[in-house]
1. I'd like the antiparallel share, as a percent to the nearest 5, of DSSP beta bridges with both residues in the protein assembly as shown.
2. Where both residues lie in chain A, what percent of DSSP beta bridges are antiparallel, nearest 5?
3. Expressed as an acute angle from 0 to 90° and rounded to the nearest 10, what is the orientation of the C-alpha long axis of helix B:151-179 relative to the principal long axis of chain B?
4. Taking the Cα-to-Cβ direction at residue B:248 and at residue B:190 and moving 7 Å from each Cα, how far apart do the two end points lie in nm?
5. What translational D, rounded to a whole number of µm²/s, comes out for the protein assembly as shown from Stokes-Einstein when the hydrodynamic radius is the Kirkwood one over Cα pairs, at 25 °C and 0.890 mPa s?
6. Label the range A:127-166 by shape, choosing from rounded, prolate and oblate, from the square roots a ≥ b ≥ c of the eigenvalues of the Cα gyration tensor; if a/c is under 1.5 it is rounded, and otherwise prolate applies when a/b is larger than b/c, oblate when it is not.
7. For the range B:13-274, what's the relative contact order in percent, using C-alpha pairs closer than 8 Å and at least 6 residues apart?
8. With each label point set 7 Å from Cα along the Cα-Cβ vector, what nm distance links residue A:129 and residue A:288?
């Protein structure tokens, strides 16, 4: 059975078409990554799928339960960790998780033991009895994740689980999510980071302006992109010559982005070496040269011809407020 | 497309009761763990009691029969009802804060009754009001107010004022969910409260007001409730002054309370369903 199935979901806020006919489906047991810039419609789609928003048109089901016909039925099946950790400052970590467990109709004892279990898995057991107001941003995200897991949902929705937290916590969270996935949890996660989607998702959907513009496995997407890129910065005087050099290697014009020039690097470091040799023989001394992974920008350049635009398109005044915090 | 032929899932009542209790507990914990919240919600009514009694008390003659004309006897029941109404704004504040923090989103994504979050909020505010009232009872007593008709009638009076505060919490829930931010909730919440509280019998008898205002003042719920509470606390010889007998007043109060809940509870639940947090 499909974990999530949507057909032509449309949701507008005033003149803005936040979702402009989105159809996705994926089966149980996989991680689906929804990749896109701010304002692309990721959060709106998650809010629709977790019954927080009613779509204007289109239909959707979660593990076979129709979203419109039976919202409570859907809520029994899903867990949500939103973009802003929805945890209670004045309760302890354990109390937060237990409360959500109780709201999933677990008995007191059951809620308690599952909270212990989840907090252990998420490596918050040592801090479980401190009030959340003393937690760091990363710890709050983890706690939010723990709360979303305590009801053992069949499908878990994580909305930008690592946005706005420090790199160390991000890697920590990636490990935790990877562990959850090994346990067979079906996951839909949204992200602005290609690296994150690449690392965690079995299938990636790229969303822009409320539309799904590409879909495939990480490898398929990378094949479209040609994987890594070599990027150089040169002095303006050398620019024309550098473009010639790069064109010789890549067989196509390099992509110019501001002061930088880049070409696909299908052979990784060998392409890099070739670029260095070619520049050297042309007596060009680059200011900077690097082999790097493709970013969301590269994906968008390739797929749409434009850069990923980060648009602030808040859903409501309340989320604007949260965004400032 | 998979067609869902199963009936719409509903939340069983037994579960809804547990959900409400869990959310009430969460909200009450907040009062206990943020002492400032409790302190300031207590200081304000006590301050009103002291200010009105000692600043205006000497100048106000309520016209009640001699021997029962101490202003504190008039004021105390009134201030209880005022505190209940003012205290209800905390419901609007609490809800908007939860909306802003994404807590409402989390609750709304859980398979719980839509009314549980609001019932948990209003019940927690009822618990807080009960605490505030018991402190006011002590302060009032020290200021010379007495249970002229005995403890039990006084207790019934407290109960009516608390129930009224509870019904008013639903009004504030609807306002909070409509305006969505704590700042707006604070301002919007007091908008209906000020005219209702001041154009009432809380501080002075309505008989001194101009005719048009008197008509409004006598029929609006705060006067009815304040007079009900008063009828259970003032000396019996002053009862005639209230115009209606105790039983009628109690019935009228309960009718107002029921009507307010009947209108604003479903309205709040509807707003809650729509609230885009």
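1. Antiparallel bridges make up about 65 percent of those DSSP assigns within the protein assembly as shown.
2. 65 percent
3. With both axes taken from Cα atoms, the answer is about 50 degrees.
4. In this crude label model, residue B:248 to residue B:190 measures out at 3.6 nm.
5. 89 µm²/s
6. oblate
7. Value for the range B:13-274: 28 percent.
8. Here the answer is 5.0 nm between the modelled labels.
Here, each number is a calculation from the coordinates, and none is a lab measurement. All of these numbers come straight from a predicted model, not from anything done at the bench. For neighbour counting, all protein chains shown are included, and Cβ atoms are generated from backbone atoms with ideal geometry for every residue, glycine included.
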